Amino acid sequence: MNTSPQLLDTDDTTTPPNGDQKLLISDASQPLPSVPDDAMVILPVRNMVMFPGLIVPIGIGRESSINAAQYAVKTERPVGILMQRNPDADVPTADDLSTMGTVAAILRYATSQDGTHHIICQGQQRFRVLGYLPGFDFTVARVERIREDSAGISPEDKREIEARFLQLKARATEVLQLLPGVPHEMLEAVKNIEAPGMLADLVAGYVDIKATEKQELLEEIDLRRRLDRVIDMLVHRIEVLNLSRDIDQRTKASIGEREREFLLREQLKTIQKKLGEGGADNSAELDDLKKLIDEANMPADVEKQAVKEFKRLERMSDNSTEYSMVRTYLDWLVELPWKTPAPDDINVARARQVLDEDHFGLEAVKKRILEFLAVRKLKPGGHGPILCLAGPPGVGKTSLGQSIARALGRKFVRVSLGGVHDEAEIRGHRRTYIGALPGNIIQALKKAGTRGCVMMLDEIDKLGTGIHGDPSAAMLEVLDPEQNNTFRDNYLAVPFDLSQVIFIATANMLDPIPGPLRDRMEVLHLAGYTQEEKLEIAKRYLVHRQFEANGLRPEQLTLTDEALMGIIRRYTREAGVRNLERQIGAVCRHVAVRLAEGSAQSQRVDAPDLSEILGQSKFESDVALRAGMTGVATGLAWTPVGGDILFIEATRTPGSARLILTGQLGDVMKESAQAALTLVKSRALALNLAPAVFEKADVHIHVPAGAVPKDGPSAGVAMFIALASLFTGQPVRSHVAMTGEISLRGLVLPVGGIKEKVLAALAAGIKTVMLPARNRADLEEVPAQAKAQLEFIFLDNVEEALLGALGLAAPEQRQVALL
């Protein structure tokens, strides 16, 4: 709240300075313009509002404002003080001015020595502008004066106004007592005011709020609402003043306590030195730290910063809080690997051997990794790509990074990015925060002890975004070879060279990764394993690992190939091998119990023994259960954890040609179902179907596993075949699965995820797979072993799908019109 007797918000210039002033005397020979009696001279002002009852100095500088003030002085007429809505307008129009202002009498007109004009005005009452009059050198308007008349107020309203008046007076007195240097006379003046409207205007004029808020109070005619708004403002101001006073008192007490503590500690140090106690350990510790700084081989600018901080440390008391912060900072600087790493000893043949030892299959991925290593050997100083291994869980993404590190002879560090939603986790916190630390990148390099390491950025697709920034944006600098040689951690506040670090990212899905971040990485896709590949992986790695984990020797347990294949087919259904390893571990634990009890010295586990050890089979062939049924087609789907099969079930009931869709289908999949039904209707003649069969039946399409959301256009062919089977009564051939998008012209369009879908079909016992003809090239990614076990039918149109799935020949060269 402003307690000065003058408002300092002025019109064009400033309030009159102290010094000589003189009254302007206009030339009497100039005729005065005639302003009607029902009109008023308007004085526009910027960023200030005058209230009735206040005396306010106003500086004026515009020629129109000077003419208006001089006319009012000569004719002894009041002026209307009106705030500009647009303070930037030098020549305000009617739209630039508020509609309500204050009638004011000019008490004094003066000019200062620098030629600026000033008036001192006293507010009298509110007025409302009715319209502006042209033809004057200044602003003139017809106005309506607003009087505050208490005669028409009911007794009940008078009591409410009086209550608010007493509350406002108490609050205003409280504010004045909280402010320093308030004269006693002002307190008495507030206490002696008896008119509620006058008190509200006085407080509103002096309270420290925006001019727009003051204008709103001025325009509030209802006295009760005006009192309420002013009281709310004072309550807020009292809370702010109380908080400010408490903070000021606590700050003074804290500073006084710290000064006292510092003086006492300095005296204690002096006493200890005279007694020959203490001081020596701290000096030796600082000497060791200085030696570490000299031996750290820091870059020149980093070493300069370290020496500067060390000198600050020497001048501090070792018991102060800042001492420990600076010491921790210097410890981080000396422990980071600033030295240039030794060149890599890359042997491509050995790298190939390491990759083959650690991983079975994944030939395309291994080929790209070997190319990466070969280029790095031929050009050690070049910027290699940032590899991103993308694939479902359990296919060996993290272990591939470890194999690359072993092939290069580098240290391997892993940074888990899953769930990170704070930018400071990547860039670190600023040292001003208590407990601040560098980000995960710098911490991992400290752990590795060298910049020549392989850093695995695990689960980069799981980066989150929160109120503390976007960590994926911070990763842009880390993964850009053109920028990461000067990576700046917020805690270190000095550049650090990451160009020697080999970054390898992993992800399950690429969609959550922002485009700019994905653009900085070369993506290597790792699809799921075939059943034969899982068998080899189990024999080479998983069985041996579970033997060691459960304390078994090879002669104590024999797991036959049939048993392992039985686990793969009947107890797991996944793209990777994690669940397979868990089931093998369950078999090992079962045998370990028998060995520990002494009931057996060794055991051979074959396929028939699995039911006793692992329980009933968890996965059966749904294809066999649904084969031979009309209205059921087997589709192929892609999921984040690999491929899968899904069944499209269609049935019809008497009705009115409605299409019912269930199974938690997405919008795209619903549109595919509608397109499939329309396509069947358009080929009714070719399928020997009467049009009436569609008009008197409701069609219900259901996709089982209703708790799982499903979407995408690739089920279009399967839906068409299911509906064709339903209406023709011809069951879909057993062990046939299909995928592909359809168009209303009957074309089969290409889809994605072919490798995952084909592997899922093979795992489910499918023998024949129908694919879009334009996806023929995608079969190159499918392992040759899997392709040899499957028959492929490539579709250009739905007629070929009818022939392959239902055995229905297409009509000879006949185009069926849409019904």
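Could you tell me whether any residue of the stretch 646-653 is closer than 13 Å to residue 710 by Cα and open to solvent by less than 20 Å² (accessible area, probe 1.4 Å)?
Scanning the stretch 646-653 turns up at least one residue that is closer than 13 Å to residue 710 by Cα and open to solvent by less than 20 Å² (accessible area, probe 1.4 Å).
For residues in the stretch 335-353 being surrounded by fewer than 18 Cβ atoms within 10 Å (Cβ to Cβ) and among the hydrophobic types (A, V, I, L, M, F, W, C), which is nearest to residue 292 (Cα to Cα)?
338
Quick check on this structure: which one of 451, 430, 410, 368 is of a type in the set (D, E, K, R), touching a residue at least 60 places away in the same chain (Cβ under 8 Å) and touching a Pro at 6+ places or on another chain (Cβ under 6 Å)?
Every option except 451 fails the conditions.
Looking only at the stretch 791-812, which residues are open to solvent by 20 Å² or more (accessible area, probe 1.4 Å) and modelled with pLDDT of 85 or more?
Once the filter is applied, which keeps residues that are open to solvent by 20 Å² or more (accessible area, probe 1.4 Å) and modelled with pLDDT of 85 or more, the stretch 791-812 yields 791, 792, 793, 794, 796, 797, 799, 800, 803.
Those residues that are in a helix (DSSP H, G or I), open to solvent by less than 20 Å² (accessible area, probe 1.4 Å) and of a type outside the set (Lys, Arg), I need them from the stretch 746-758; list them, please.
Residues satisfying the conditions are 754, 758.
If I go through the stretch 688-725 residue by residue, how many of them are in contact (Cβ under 8 Å) with a residue 40 or more places away in the chain, open to solvent by 20 Å² or more (accessible area, probe 1.4 Å) and closer than 15 Å to residue 652 by Cβ?
Count: 4.
Can you find, within the stretch 398-425, the residue that is surrounded by the fewest Cβ atoms within 10 Å (Cβ to Cβ) among those that are in a helix (DSSP H, G or I) and under 29 Å from the mean Cα position of the chain (by Cα)?
Selected residue: 398.
If only one of 553, 589, 545, 540 is of a type outside the set (Val, Ile, Thr) and either crowded, with 21+ Cβ neighbours inside 10 Å or within 30 Å of residue 753 (Cα to Cα) (or both), which one is it?
Among 553, 589, 545, 540, only 540 is of a type outside the set (Val, Ile, Thr) and either crowded, with 21+ Cβ neighbours inside 10 Å or within 30 Å of residue 753 (Cα to Cα) (or both).
Across the stretch 427-436, which residue is most open to solvent (accessible area, probe 1.4 Å) among those that are under 14 Å from residue 494 (Cα atoms), out of contact with any Leu (no Cβ under 7 Å at 6 or more places or on another chain) and part of a loop (DSSP other than H, G, I, E, B)?
Among those residues, the one meeting the criterion is 430.
Being outside any loop (DSSP other than H, G, I, E, B), open to solvent by less than 10 Å² (accessible area, probe 1.4 Å), aliphatic (A, V, I, L, M) and modelled with pLDDT of 90 or more narrows it down to one of 82, 107, so name that one.
82
How many residues does the stretch 84-116 hold that are touching a Gly at 6+ places or on another chain (Cβ under 7 Å) and under 22 Å from residue 201 (Cα atoms)?
4
Considering only residues that are in a helix (DSSP H, G or I) and under 26 Å from residue 510 (Cβ atoms), look in the stretch 339-362 and name the one that is modelled with the highest pLDDT.
If we take residues in the stretch 339-362 being in a helix (DSSP H, G or I) and under 26 Å from residue 510 (Cβ atoms), then 355 is modelled with the highest pLDDT.
Of the residues 365, 395, which is surrounded by 19 or more Cβ atoms within 10 Å (Cβ to Cβ) and either farther than 20 Å from residue 504 by Cα or out of contact with any helix residue (DSSP H, G or I) (no Cβ under 9 Å at 6 or more places or on another chain) (or both)?
Only one candidate passes the filter, namely 395.
Within the stretch 172-224, which residues are more than 17 Å from residue 235 (Cβ to Cβ), of a type in the set (Val, Ile, Thr) and either open to solvent by less than 40 Å² (accessible area, probe 1.4 Å) or not in a helix (DSSP H, G or I) (or both)?
Those that are more than 17 Å from residue 235 (Cβ to Cβ), of a type in the set (Val, Ile, Thr) and either open to solvent by less than 40 Å² (accessible area, probe 1.4 Å) or not in a helix (DSSP H, G or I) (or both): 182, 193, 221.
The values are calculated or read from the model by the stated rules, or taken from the named source; none is laboratory data. Everything quoted here is computed from the prediction, not taken from an experiment. Backbone-built Cβ (ideal geometry, glycine too); neighbour counts: all protein chains shown. Quick note on the areas: whole protein, heavy atoms, side chains included, nothing else; ligands and nucleic acids left out. Shrake-Rupley method; radii C 1.70, N 1.55, O 1.52, S 1.80 Å.
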